[in-house]
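Following: one structure in structure tokens, then a few remarks.
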2 protein chains.
Amino acid sequence: LVGPEIVEMITNRQFGELRATLEALPPDAVADILADMSLEHVGVVFRVLPRDFAAAIFEYMPLPAQEALLHSLGQEQVAAVLNAMAPDDRTALLEELPGAVTQRLLTLLSPDERRVATQLLGYPEESVGRRMTPDYVAARADWTVAQLLEHIRKVGRDKETLSHAYVLDERGRLIDDLRLREIVLADPNARLSDIMDRQFFALRADQDQEEAVREFQRLDRIALPVVDSTGLLVGIVTVDDVLDVAQQEATEDIQKMGAVEVLDAPYLETDLLTMARKRGLWLSGLFLGEMLTATAMGHFEGELARAQKLALFVPLIISSGGNSGSQASTLVIRALALGEVKLRDWWRVLRRELASGLLLGLWLALLGLARVHAWQWLGWQTYTEYYHRIALTVAAALLGVILWGTLVGGMLPLLLRRLKIDPATLSAPLVATLVDVSGLVIYFEVGMLILRGTLL
Amino acid sequence: LVGPEIVEMITNRQFGELRATLEALPPDAVADILADMSLEHVGVVFRVLPRDFAAAIFEYMPLPAQEALLHSLGQEQVAAVLNAMAPDDRTALLEELPGAVTQRLLTLLSPDERRVATQLLGYPEESVGRRMTPDYVAARADWTVAQLLEHIRKVGRDKETLSHAYVLDERGRLIDDLRLREIVLADPNARLSDIMDRQFFALRADQDQEEAVREFQRLDRIALPVVDSTGLLVGIVTVDDVLDVAQQEATEDIQKMGAVEVLDAPYLETDLLTMARKRGLWLSGLFLGEMLTATAMGHFEGELARAQKLALFVPLIISSGGNSGSQASTLVIRALALGEVKLRDWWRVLRRELASGLLLGLWLALLGLARVHAWQWLGWQTYTEYYHRIALTVAAALLGVILWGTLVGGMLPLLLRRLKIDPATLSAPLVATLVDVSGLVIYFEVGMLILRGTLL
């Protein structure tokens, strides 16, 4: 009688109730119920249950049912049902699958099925879990070296990445990695436990894939094992996939930093409308932001009318602020991505950008001062009898705007990281827009101060 | 009597004469002369001679002299002498070293010496040749499988990258690569020539290292062999080094695209003055460019005085052009770096950017039109009785500026690549600067056209 009820809940996407109903039953009873249901529904049910409960049910299922379940997790329909959930609900509802399921999923399924199934494993997008492959050799500590070599010959896939064998304990947890060369050179009758040093490095399946890139760079390895939250070996990640990740992450960062939503396909293969949408979204957002400059300019309309010469330098001053800001943000964003700068370094970044901003601001202020005087003296442009003060206004505004731009560009990436937003979102155009509006205010306020009693 | 003359030429850096003098002699005579000279001087002489002549001399030298020569090529002093040459002279004078020398250099020298020596190999900076390591196993086609296995056991280094053995012909040219697994599974008495398929892929030592990244991504390999211009195997490149290259190239591109000269050290380890210099150079360059905006604004001073409302939209319009331009340049630069777009695709890029620019320009023109009308109707700002025409001016200028920005941003990276300049040099701020000046001209010209007879 419970079966049809459950099917109804799946059809109506009442996953919360579904979970509550089943959790009230003993695991063996649930295993019985699942035996009568369609593959597709079993896949959904299994994926919605909490990790420990799912593991318990899995153990009560007969072997053929286990295999069928695993295949159902690789089916598009199961993925479709679960992908229809809102992402935040999904995160709250789906947990990591038990490690045993993950291991078998990876070995049993075809590459295509595996891609679908890993979406359902509970590992977030762009996590190490999504990059795992099953092309590893596992062994037990009580095997002899000869046994392991025989095992490698039997299961060893034709893989360049077969550089290590992984030793597991009786519960499937990773306890050591052995180099193939160590194994070949060891006494064939020795037990693995004798040649083990229990020193190994493993990635965690829920780690960000960018961290995997850094670990591979640090360790210069061909492949690294991946464990789940309980230490169970669930797969390996190979360096050729990590190279793809590094290139993809860099492309994403570069596109974001250029104020384009990340393209899902190469440039020439993205159709025109998608391209226009991905660029138009940002472009209109920036446009809305820049509209504030028109408002700010309107606010100072009176000043502009009286000191018309001020208008001439508006593009020069605000663009200098934007440029200094985008330099700072570029450097800090990339340093964050490479792990060279961490959040706790904010104070060092602040001091550095303050000092750089001051130096660069003073230098450009000097250039600005020279520009106004030179043009006045050469007679190329005239800036009224108060050209000294106009020059001073331009110089002081440049110093202020560049210092401000540098600070904004240097600190905002850290703030975004703190808020768990990708710092690369802070594109050069976005920094420029942020600095443009405040740059105008700085410029006109400085102008009112210096030109008071003369032009203003 | 020739010896002291040659030392003098080296001291005076007369490398051209040195080369001419020695080339006039038979190779065995030169080998004799070198026997009496200091290690440092031999290194310089050898590196200055043309490839074929150097190879001939090398063969006439006794074994200990050969080894001493190779070590001298790894010494800082030799590098220092040759690095003092102007880069263009150096390219004209130094050729690739003979492949035999390269092979021995890589195996004989310590990693530190090797770094120095590879500078002198004649391979350009950032070329594959600079990334080679000697950790490979080479074999002859007439060896048996058993012989090769014995050889691997003897010389096989403790390297994860030992995935292939490379088969050479009698002159050291690469003729095949054999997978370790193929070898292990083959009949031990078979000759290598029987199991060879003569299908292999090799990098060339003078190739750009960015191409190596692309080949590794395409082939999913752990290591690739490197040959010189005559097909001689001179080393291998491994994927972990390629990962470093990929990350380094991406960092360089990102920094350039953010208008910063490439930093040679991580952000926090770069001292303040270096940092200020690397940023100040670009910032002042952009400032000089932006000074043209002040000139352009001055040119339209009369129009600005009569139609003051036009000034309000200057930042909005020029920044929109800059933003659309930096989007286009970002996409095209990265696509070029990844090899997704080639020079011959310029026509497709042009059509694409024309269409995108038109779509985006029309969309933002619409937003601009709405902005002016909305503020006028809401009474937030007033744009005189001619606000319809002001709105039209803003809209038309936006369309023109965005179309122009998109074209400039999309086509300039291709032009730079054509001129053999790194397209990443075209930073977002540089595109913005280029578009700002022309954007102002477009804006005011459009204004004069539309406002003629009313405000202007």
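Quick check on my filter: what residues within segment A:234-293 are farther than 19 Å from residue A:209 by Cα and out of contact with any helix residue (DSSP H, G or I) (no Cβ under 9 Å at 6 or more places or on another chain)?
A:269, A:271, A:274, A:277, A:281
Give the residue that is nearest to the chain's Cα centre (by Cα), with candidates limited to residues of segment B:412-433 that are open to solvent by 20 Å² or more (accessible area, probe 1.4 Å) and closer than 25 Å to residue A:316 by Cα. First the steps, then the outcome.
Going through segment B:412-433, the residues open to solvent by 20 Å² or more (accessible area, probe 1.4 Å) turn out to be B:412, B:415-422, B:425, B:430, B:432.
Then drop every residue that is not closer than 25 Å to residue A:316 by Cα, which leaves B:412, B:425, B:430, B:432.
Working: B:412: 17, B:425: 11, B:430: 19, B:432: 24 Å.
Looking at residues that are open to solvent by 20 Å² or more (accessible area, probe 1.4 Å) and closer than 25 Å to residue A:316 by Cα, I get B:425.
So, residue A:232, is that one in contact with a Gly (Cβ under 6 Å, 6 or more places away or on another chain), under 24 Å from residue A:123 (Cβ atoms) and more than 7 Å from chain B (Cβ to nearest Cβ) or not? Quick ask: steps written out before the conclusion?
Working: in contact with a Gly (Cβ under 6 Å, 6 or more places away or on another chain): yes; under 24 Å from residue A:123 (Cβ atoms): yes; more than 7 Å from chain B (Cβ to nearest Cβ): yes.
So residue A:232 fits the description; yes.
Would you check if residue B:402 is buried (at least 23 other Cβ atoms within 10 Å of the Cβ), farther than 27 Å from residue B:429 by Cα and in contact with a Ser or Thr (Cβ under 8 Å, 6 or more places away or on another chain)? Outline the logic, then answer.
Numbers: buried (at least 23 other Cβ atoms within 10 Å of the Cβ): yes; farther than 27 Å from residue B:429 by Cα: no; in contact with a Ser or Thr (Cβ under 8 Å, 6 or more places away or on another chain): yes.
Considered against the rule, which asks whether it is buried (at least 23 other Cβ atoms within 10 Å of the Cβ), farther than 27 Å from residue B:429 by Cα and in contact with a Ser or Thr (Cβ under 8 Å, 6 or more places away or on another chain), residue B:402 comes out as no.
Under 6 Å between Cβ atoms, at least 6 apart or on separate chains: pull out the pairs that start in segment A:228-250 with a residue that is in contact (Cβ under 8 Å) with a residue 60 or more places away in the chain and end on any residue that is surrounded by fewer than 22 Cβ atoms within 10 Å (Cβ to Cβ) and aromatic (Phe, Trp, Tyr).
A:233/A:166
Of the residues that sit in segment A:434-456 and are of a type in the set (Ser, Thr, Tyr) and open to solvent by 10 Å² or more (accessible area, probe 1.4 Å), which one is farthest from the other protein chains (Cβ to nearest Cβ)? Talk me through it step by step, then tell me what you get.
Restricting attention to segment A:434-456, the residues satisfying the condition of being of a type in the set (Ser, Thr, Tyr) are A:438, A:443, A:454.
Now drop any that are not open to solvent by 10 Å² or more (accessible area, probe 1.4 Å), which leaves A:438, A:454.
Working: A:438: 12, A:454: 19 Å.
This residue is A:454.
Enumerate the helices (runs of 4 or more DSSP H) found wholly within segment B:263-365, keeping only those where 1 or more residues are surrounded by fewer than 19 Cβ atoms within 10 Å (Cβ to Cβ). Show your work before the answer.
Details: elements: B:272-299, B:301-306, B:309-312, B:314-337.
Per the criteria, B:272-299, B:301-306.
Pull up segment B:204-257, narrow it to residues that are under 14 Å from the mean Cα position of the chain (by Cα) and of a type in the set (Lys, Arg), then point me to the one that is least open to solvent (accessible area, probe 1.4 Å).
Selected residue: B:256.
What number of residues within segment B:302-321 are within 7 Å of chain A (Cβ to nearest Cβ), farther than 18 Å from residue B:430 by Cβ and not aliphatic (A, V, I, L, M)?
Let us first name the residues in segment B:302-321 that are within 7 Å of chain A (Cβ to nearest Cβ), namely B:304-305, B:308, B:311-316, B:318-320.
From what is left, the residues that are farther than 18 Å from residue B:430 by Cβ are B:304-305, B:308, B:311-316.
After this cut, where a residue has to be not aliphatic (A, V, I, L, M) as well, the list is B:308, B:313, B:315.
Number of matching residues: 3.
Quick check on my filter: what residues within segment B:366-399 are of a type outside the set (Gly, Ala, Ser), open to solvent by 50 Å² or more (accessible area, probe 1.4 Å) and in a loop (DSSP other than H, G, I, E, B)?
B:380, B:382, B:384, B:385, B:386
Please go through segment B:417-453 and pick out each residue that is aliphatic (A, V, I, L, M) and not in a helix (DSSP H, G or I).
Step one: filter segment B:417-453 for residues aliphatic (A, V, I, L, M), giving B:419, B:421, B:424, B:426, B:428, B:430-432, B:434-435, B:437, B:440-442, B:446, B:448-451.
Listed by number, the residues that qualify are B:419, B:421, B:426.
The values are calculated or read from the model by the stated rules, or taken from the named source; none is laboratory data. Note that this is a predicted model, so its numbers are computed, not measured. Quick reminder, even Gly has a Cβ in these numbers, built from the backbone with ideal geometry, and neighbours come from all protein chains shown. Surface areas here come from the heavy atoms of the whole protein model, side chains and all, with no ligands, DNA or RNA. Shrake-Rupley method; radii C 1.70, N 1.55, O 1.52, S 1.80 Å.
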